[in-house]
Every structure is written in C-alpha cells, then in structure tokens.
There are 2 protein chains.
Amino acid sequence: MPQSDVIHAGDATLRNFVGYRMKRAFNVVQADLTKTLKPFDLRMLTYTALVLIVDNPGLRQSQLADAMDIERPNLVVLIDELERRELIVRDRVPTDRRAYALRATLAGRQLYEKAVAAVTLHENAILADLPQDLRTAMIEALKRIEKAHRGRS
Amino acid sequence: MPQSDVIHAGDATLRNFVGYRMKRAFNVVQADLTKTLKPFDLRMLTYTALVLIVDNPGLRQSQLADAMDIERPNLVVLIDELERRELIVRDRVPTDRRAYALRATLAGRQLYEKAVAAVTLHENAILADLPQDLRTAMIEALKRIEKAHRGRS
DNA sequence: TATTGTTATACTCTATAACTATA
DNA sequence: TATAGTTATAGAGTATAACAATA
C-alpha cells in the first residue's frame with residue numbers, strides 16, 4: 001500500500017485529471033453502497049429505480065430510463081426483476097396502450113423505507129469527515145458538470 | 001428531455017444522494033472521455049495505465065494495479081493489449097524474476113503526449129463553466145472521500 | 001412515420017478462485 | 001509459506017440494431 005501511494009502522489013499528469021479522481025471516489029462510494037444494499041437484495045440500479053418509482057408513481061419506462069440515464073433496453077431487465085419480486089407493478093395506460101405506468105406495491109414501499117434509511121446512514125458516514133462547505137460545493141459541481149454536458153448531446 | 005428533468009428535479013429522495021450524483025456526473029465525463037480517446041484507440045483504463053507507466057518507468061504490475069485500484073487479473077489484459085501494440089514493454093527484473101518492470105516505448109511516449117494533450121483540452125472544456133473555487137473544492141472532496149474509505153478497507 | 005417496450009447481442013469493467021514460477 | 005503474474009470464468013453495466021404493437 002505505501003508503494004502505490006508514492007506512485008500515486010508523485011504522478012503529476014493524473015493528479016488533477018478529473019475523470020480519474022471521479023472514478024476512484026465513485027468506486028469507493030459504490031463499493032460501500034453495494035454492501036449497504038446487499039441485505040435488501042438491491043443493487044445501485046435497482047435501488048435507484050425503486051426510489052424513483054415510489055416517488056413518482058405512474059411514470060413510464062422511457063421516462064425512468066431518461067431519469068436514470070440508461071438505455072431503455074437495459075431498464076427492461078431491471079423492471080422485470082422488481083416486478084418478479086412484486087415490489088412494483090406494470091399498469092397499462094388507458095390513453096396510450098403502448099406504455100406502462102409503473103407503481104410500487106406495498107412491499108415495494110416498505111422495502112423503500114428501510115433501504116432509504118440505510119443508504120442515508122451510509123452516506124452520512126462517508127461524508128462525516130467532509131466539512132459542510134466542501135460537501136455542498138462538490139454536489140453543486142457534480143450537478144453542473146452533468147447539466148453542462150446534458151445540454152450538448 | 002423536459003419530462004425527465006421534471007421527474008428528477010421533483011425527486012427529494014435522490015437529489016442529494018451522493019452516489020447518484022457522482023454516478024451521473026461520472027457517466028457524462030466518462031462518455032466524453034471515451035470519445036476523446038477513441039482516435040488514439042485508447043479507453044479510460046488503457047489511457048490511465050499508459051500515463052502511469054510513462055510517468056513511473058519501471059513500476060511493477062502489482063504496483064500499477066494498486067495505483068489504478070483494479071484487480072491484478074484485470075490488469076494483465078490491459079498490459080497485454082498495450083504490449084501487443086508496442087506501446088510498452090515488460091522487462092524482467094533481475095533481482096526478482098517473478099516481476100516485470102513496465103516501461104513505455106518511444107511510440108508509447110509519443111501516443112502519451114498526444115493523448116494527454118487531447119484529454120487536457122477535453123477536461124478544460126468540461127470544467128469551463130465551473131468557477132475555480134468549485135472545481136478546487138470538488139477535487140478536494142473527491143480525494144478525501146477516496147482517502148477516508150481507503151483507510152477502512 | 002414515430003414511439004413504447006422488447007429481444008438479442010456484444011463489449012467493457014469488475015471480482016474471485018486456482019494455477020506457475022519464483023522468493 | 002508467501003508473492004508476482006497468469007488463466008479461466010462469471011457477474012454486472014453499457015450500447016446498438018431490429019422487431020411488434022400502437023400512436
């Protein structure tokens with residue numbers, strides 16, 4: 001471990017390479033998040049989908065894919081999994097029979113409550129050492145990066 | 001697009017969920033980075049490996065895997081690829097015949113120069129709209145998150 | 001014609017166990 | 001015994017093309 005720290009600290013080219021820094025930080029956050037969600041049999045993607053469905057009852061799969069920033073085909077298997085576990089249902093939309101309105105079941109909402117509580121605890125633990133101003137600045141910066149590039153494509 | 005923005009903006013649960021924010025921002029950065037590196041026939045991982053080898057000549061695969069935060073088996077195929085393209089070489093280490101000292105070839109260093117220049121441009125474009133203080137704060141926050149968790153595992 | 005959801009598919013990244021050759 | 005690199009493999013995430021049903 002000390003060796004890799006030396007390599008890393010001495011590397012001028014990568015030090016402020018944003019993609020590299022984001023990847024490393026995201027890796028640790030996601031690894032920890034995966035562990036946090038394991039007891040609920042959820043992964044980051046299934047968790048995010050469940051949260052968005054509970055908070056936005058009736059939304060369509062295409063809207064959810066958009067909100068999650070994933071391709072529609074990749075969402076299908078996530079929804080399949082949540083439906084198979086009876087955490088959500090696909091309701092037909094009377095006004096547009098191509099689409100499905102996604103809604104959480106009671107079991108889905110109950111799992112949501114427990115998982116959100118666990119994730120909140122986990123995030124607070126991760127950010128415990130971060131001064132509030134750094135935390136706020138980071139969130140703001142991440143939002144702006146996302147927005148700026150969303151505008152281009 | 002406006003629909004997903006509404007959903008997203010109205011979602012209280014995920015708004016400040018750090019893992020979610022990081023993932024979305026990282027997604028756009030990585031997608032853009034992938035495009036930037038395509039003309040050089042590099043991906044984020046091969047680019048990072050090449051940069052670290054050029055900047056730290058003679059380092060071992062295990063050190064590189066550590067620095068890149070990936071598992072040794074996954075590094076092997078990356079090194080195979082860079083070696084096959086004659087961008088780097090695996091030199092035997094006389095004092096430890098199990099290990100390899102990784103070094104860039106002239107072609108590797110030339111590709112490095114061009115790719116680093118392109119990535120630097122790309123990053124500056126991404127961060128152009130970010131005030132310097134936000135940019136600095138974000139990098140600092142990302143480093144701290146990474147360090148804090150590296151200490152635990 | 002365009003859109004919603006779907007199937008199939010392929011590529012990349014990640015993670016683990018087990019092997020070899022050296023130490 | 002432990003370590004460096006390797007092989008094999010499996011799981012997860014991502015991306016694209018093409019299709020059926022519906023608008």
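The values are calculated or read from the model by the stated rules, or taken from the named source; none is laboratory data. Not measured: the values here are computed from a predicted model. Every residue, glycine as well, gets a Cβ built from its backbone with ideal geometry; the counts of neighbours run over all protein chains shown. Just the protein is used for accessible areas: all its heavy atoms, side chains included, with ligands, DNA and RNA removed. Shrake-Rupley method; radii C 1.70, N 1.55, O 1.52, S 1.80 Å.
Laid out as a table, the results:
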{"quantity": "Label distances, nm, A:Pro131 versus same residue in remaining copies, Cβ-directed 7 Å point", "calculated": "1.6"}
{"quantity": "Using a 7 Å Cα-to-Cβ projection, A:Asn74 label spacings across copies, nm, ascending", "calculated": "1.5"}
{"quantity": "Amide proton proximity set for B:Tyr100, modelled H, under 5 Å, gap of 5+", "calculated": "B:Gln61"}
{"quantity": "Helical contribution to [θ] at 222 nm, DSSP H n ≥ 4, -39,500 (n - 2.57), averaged over chain B, rounded to 500", "calculated": "-22500 deg cm²/dmol"}
{"quantity": "Shortest-first distances to equivalent copies, position A:Asp96, nm, label 7 Å out along Cβ", "calculated": "6.0"}
{"quantity": "Solvent-accessible area per residue for chain B (1.4 angstrom probe, square angstrom)", "calculated": "51"}
{"quantity": "Whether segment B:93-151 is rounded, prolate or oblate, judged on the alpha carbon gyration tensor where a/c under 1.5 counts as rounded", "calculated": "oblate"}
{"quantity": "Accessible surface of the protein assembly as shown [probe 1.4 Å, protein heavy atoms]: carbon and sulfur percent", "calculated": "52"}
{"quantity": "Ellipsoid semi-axes in whole angstrom, largest first, where each is sqrt(5λ) of the Cα gyration tensor of segment B:29-105", "calculated": "23, 13, 10"}
{"quantity": "3J(HN,Hα) from dihedral phi, segment A:104-114, Karplus parametrisation 6.51/-1.76/1.60, rounded to Hz, x for glycine, proline", "calculated": "7, 7, 4, 4, x, 5, 5, 5, 3, 4, 5"}
{"quantity": "Tail weight of P(r) past 24 Å, computed on alpha-carbon pairs of the protein assembly as shown, percent", "calculated": "58"}
{"quantity": "Where the Cα pairs of chain A fall when distances are cut into 5 Å bins, in %", "calculated": "1, 8, 13, 16, 17, 15, 12, 8, 5, 3, 1, 1, 0"}
{"quantity": "Closest-to-axis residue of chain A (Cβ criterion, axis taking A to B), whole Å", "calculated": "A:Ala137, 2"}
{"quantity": "Chains A and B, summed buried accessible surface - 1.4 Å probe, Å², nearest 100", "calculated": "6300"}
{"quantity": "Which listed pairs, of A:Lys38/B:Lys35; A:Lys35/B:Lys143; A:Lys114/B:Lys23; A:Lys35/B:Lys35, have C-alpha distances above 26 Å, in listed order", "calculated": "A:Lys38/B:Lys35; A:Lys35/B:Lys35"}
{"quantity": "Vicinal HN-Hα couplings computed from phi for segment A:61-70 (Karplus, 6.51 cos²θ - 1.76 cosθ + 1.60; Hz; Gly/Pro x)", "calculated": "4, 5, 5, 5, 4, 4, 5, 8, 6, 10"}
